[in-house]
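The values are calculated or read from the model by the stated rules, or taken from the named source; none is laboratory data. Here the structure is a predicted model, which means the values were calculated and not measured. Glycine gets a Cβ as well: all are built from the backbone with ideal geometry, and neighbour counts include every protein chain shown.
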Amino acid sequence: MRFLSTLLFAFLATTAVAHSTHRTEIVNTSERISIHIVREDDGEEWASFERNGVRYVTTDSDVLAEIEKAMEKHREFSRAHSRLGRQHSELGREHSRLGREHSRIGRAASRNGMTAELEQQQRELEEEQRKLEKKQRALEDQQRELEEKQRVAENDANRAIEKIFERAIRAGKAKRD
């Protein structure tokens with residue numbers, strides 16, 4: 001069974017009495033399946049599984065722990081994506097800095113003409129730009145590799161969670177809503 005699913009992680013904070021909720025939503029439109037995992041800051045936890053319009057809900061701690069374990073590998077990849085995102089941001093800031101330097105040199109050249117010193121500065125900036133672009137390409141390669149691994153982990157997690165719910169339904173640990 002192949003899953004074409006979207007996994008959305010949304011951390012929702014509500015302002016009422018400093019109450020927050022962590023929600024994970026998994027939607028598989030090809031299989032008409034959706035899974036919601038909710039953790040309230042007051043300790044309440046539950047998960048729901050819906051297939052073809054029939055919804056089941058569980059608050060069973062063992063079932064919820066199995067679901068969390070099934071999602072851990074995918075969450076590890078999400079954290080790795082965050083780290084790559086921070087690296088992309090750092091490179092973006094460096095690109096901006098180089099852009100500002102290019103602008104400064106351009107302004108100086110238009111005021112005073114292009115001098116040997118400005119030409120040297122321009123060449124140095126262009127070399128920095130090439131190095132930065134090389135880092136960017138390497139980071140993009142890492143991101144593509146990580147995305148592929150994450151797709152596999154997501155599909156594995158989706159299948160595992162579906163099986164966990166099927167067992168919970170059979171065992172009476174998930175009730176029809």
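Report whether or not E147 is in contact with a strand residue (DSSP E or B) (Cβ under 8 Å, 6 or more places away or on another chain) and at pLDDT below 95. If you could, list the steps in order and put the result at the bottom.
Numbers: in contact with a strand residue (DSSP E or B) (Cβ under 8 Å, 6 or more places away or on another chain): no; at pLDDT below 95: yes.
The answer is no for E147.
Return the pairs, sorted by first residue and then second, in which the second residue is of a type in the set (D, E, K, R) and surrounded by 14 or more Cβ atoms within 10 Å (Cβ to Cβ), the first residue lies in the range 137-154 and is part of a helix (DSSP H, G or I), the beta carbons are less than 8 Å apart, and the residues are 6+ apart or on different chains.
Close Cβ pairs (under 8 Å, with a partner that is of a type in the set (D, E, K, R) and surrounded by 14 or more Cβ atoms within 10 Å (Cβ to Cβ)) amount to A153/K73.
When you check T21 against the structure, is it over 21 Å from K175 (Cα atoms), of a type in the set (V, I, T), modelled with pLDDT under 95 and out of contact with any Asp or Glu (no Cβ under 6 Å at 6 or more places or on another chain), yes or no? If you could, list the steps in order and put the result at the bottom.
Details: over 21 Å from K175 (Cα atoms): yes; of a type in the set (V, I, T): yes; modelled with pLDDT under 95: yes; out of contact with any Asp or Glu (no Cβ under 6 Å at 6 or more places or on another chain): no.
Spelling it out, it is not the case that T21 is over 21 Å from K175 (Cα atoms), of a type in the set (V, I, T), modelled with pLDDT under 95 and out of contact with any Asp or Glu (no Cβ under 6 Å at 6 or more places or on another chain).
For the range 60-94, what are the residues that are farther than 30 Å from W46 by Cβ and in contact (Cβ under 8 Å) with a residue 40 or more places away in the chain?
From the range 60-94, those farther than 30 Å from W46 by Cβ are 83-94; that's our starting set.
L84, Q87, H88, L91 - these are the residues of the range 60-94 that are farther than 30 Å from W46 by Cβ and in contact (Cβ under 8 Å) with a residue 40 or more places away in the chain.
Just a yes or no: is a residue in the range 134-145 surrounded by 11 or more Cβ atoms within 10 Å (Cβ to Cβ) and among the charged types (D, E, K, R)?
Scanning the range 134-145 turns up at least one residue that is surrounded by 11 or more Cβ atoms within 10 Å (Cβ to Cβ) and among the charged types (D, E, K, R).
Please list, ordered by residue number, the strands (runs of 3 or more DSSP E) wholly in the range 28-71 having 2 or more residues that are modelled with pLDDT of 85 or more and among the charged types (D, E, K, R).
Working: elements: 33-40, 45-51, 54-58.
Strands (runs of 3 or more DSSP E) meeting the threshold: 33-40, 45-51.
Filter the range 42-77 down to the residues that are more than 30 Å from E147 (Cβ to Cβ) and either under 22 Å from the mean Cα position of the chain (by Cα) or hydrophobic (A, V, I, L, M, F, W, C) (or both) and list them by number.
Scanning the range 42-77 gives W46, V54, V57.
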